[in-house]
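In what follows, a single structure is set out as structure tokens and then discussed.
The values are calculated or read from the model by the stated rules, or taken from the named source; none is laboratory data. Small disclaimer: the values here were computed from a predicted structure and weren't measured. Glycine also receives a Cβ, built like all others from the backbone with ideal geometry; neighbour counts cover every protein chain displayed. SASA here: full protein model, heavy atoms, side chains in, ligands and nucleic acids out. Shrake-Rupley method; radii C 1.70, N 1.55, O 1.52, S 1.80 Å.
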Amino acid sequence: MRILTGIQPSGKLHWGNYFGAMKPIIDLQGKGETFVFVAQYHALTTVHDAEALRQATRDVALDFLACGLDPAKACLFRQADIPELHELAWLLSVVTPMGLLERCHSYKDKLARGIAASHGLFAYPVLMAADILAYQSDLVPVGRDQKQHVEVTRDIAAKFNQTFGTDVFRLPEPMISESVAVIPGLDGQKMSKSYNNTIGLFDDPKEVKAKIMRIATDSTPLEAPKNPDTCRVFALYRLFADEEELETMRQNYLRGGYGYGHAKKALFEIYQRKLGPFRERREHLAAHPEQVEEILREGARKARAAALETLAAARRAVGLD
């Protein structure tokens, strides 16, 4: 089984990135061939500062390694180190119906947020299909908002196979953990850089604490029982807690005499306890950039070998061999 995920280097990674995309793939490493890439080409639809892109690319690699991605179990690489993706994307684009792309909600959502329309933004799902299909991925851990892109990838792959009478591409399956399908931001919307409501994965602890204390809650008095299932502080605490910790917190809410300030303090403490060791590991890796670069180059070598094999099969199917 091959498992793949990617994250755009479009800014600092946050709790939503970690629980929605990073942790699922880290938990799966070793259970199949695992591919993780830094999606630089996708980031270019919104990031137009070269140095910012370089720095964010380094940061994503550091964050993954700090959070437990093991180069012995997973292939970590930069998307830009796999030039075969673009030819594969073109071969896929010639069988991709326009209507399929026009129905993609991600394009409409980004336009609604004021991002300028471009061919890259519109054709984003085709390049994503190339990302997934190049490595013959079986399983793609994604957030609920990205599920449609995996479904589009399946449609494109099936269309290619049918058009050219071949079985070049496997049809991948999305993997969505319902317990972390949507990570709430500080304002209750999905945690996203676009909404400016994130808590950075490696922000300064003082900044993290200040953001946690700003999380909006209702006006239920301190002494009154509270509903944990409608509280975004509890929703974030759930991400870090084991079953016993979660049940204890639930009972705190239900019995009353436990304020939202107490819950926010508990959220900060469990964040420090669970993610603190990642911060120390990241500082060590940042001090040894040559080690990170070697990991990325070796990852690209392995990923490119798989992509070349897939591209060769696709070229044969269309008659370009």
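Residue 204 passes every criterion in (1) in contact with a helix residue (DSSP H, G or I) (Cβ under 8 Å, 6 or more places away or on another chain); (2) surrounded by fewer than 19 Cβ atoms within 10 Å (Cβ to Cβ); (3) not polar (S, T, N, Q) apart from (1).
Of the residues making up segment 38-57, those that are buried (at least 19 other Cβ atoms within 10 Å of the Cβ) and either over 23 Å from residue 109 (Cβ atoms) or of a type in the set (Asp, Glu) (or both) number 1.
Restricted to segment 74-101, and to residues there that are of a type outside the set (A, V, I, L, M) and in a helix (DSSP H, G or I), the residue that is nearest to residue 37 (Cα to Cα) is 79. Scanning segment 130-184 for residues that are out of contact with any Leu (no Cβ under 9 Å at 6 or more places or on another chain) and assigned to a helix (DSSP H, G or I) yields 144, 145, 146, 147, 148, 149, 150, 151, 162, 163, 178. Of all positions in segment 90-108, at least one carries a residue that is in contact with a Ser or Thr (Cβ under 6 Å, 6 or more places away or on another chain) and either touching a residue at least 24 places away in the same chain (Cβ under 8 Å) or open to solvent by 50 Å² or more (accessible area, probe 1.4 Å) (or both).
For segment 7-19, enumerate the residues that are at negative phi and either out of contact with any Gly (no Cβ under 6 Å at 6 or more places or on another chain) or open to solvent by 20 Å² or more (accessible area, probe 1.4 Å) (or both). The answer is 7, 8, 9, 10, 12, 13, 15, 16, 17, 18, 19.
Taking the options 246, 239, name whichever one is among the aliphatic types (A, V, I, L, M) and modelled with pLDDT of 95 or more. The match here is 246. Filtered by the rule that a residue be open to solvent by 10 Å² or more (accessible area, probe 1.4 Å) and at pLDDT 90 or above, segment 25-34 gives 26, 27, 28, 29, 31, 32, 33.
State whether the residues of segment 233-248 include one that is surrounded by 17 or more Cβ atoms within 10 Å (Cβ to Cβ) and either more than 24 Å from the chain's Cα centre (by Cα) or closer than 30 Å to residue 85 by Cα (or both). Taking every residue of segment 233-248 in turn, none turns out to be surrounded by 17 or more Cβ atoms within 10 Å (Cβ to Cβ) and either more than 24 Å from the chain's Cα centre (by Cα) or closer than 30 Å to residue 85 by Cα (or both).
Is it true that some residue in segment 225-233 is in contact with a strand residue (DSSP E or B) (Cβ under 7 Å, 6 or more places away or on another chain) and in contact (Cβ under 8 Å) with a residue 24 or more places away in the chain? So far as segment 225-233 goes, yes, one or more of its residues are in contact with a strand residue (DSSP E or B) (Cβ under 7 Å, 6 or more places away or on another chain) and in contact (Cβ under 8 Å) with a residue 24 or more places away in the chain.
Hey, can you tell me all the residues within segment 257-275 that are open to solvent by less than 80 Å² (accessible area, probe 1.4 Å) and more than 21 Å from the chain's Cα centre (by Cα)? Result: 257, 258, 259, 260, 261, 263, 264, 266, 267, 268, 270, 272. Taken together, the residues in segment 111-126 that are open to solvent by 30 Å² or more (accessible area, probe 1.4 Å) and touching a residue at least 24 places away in the same chain (Cβ under 8 Å) amount to 4.
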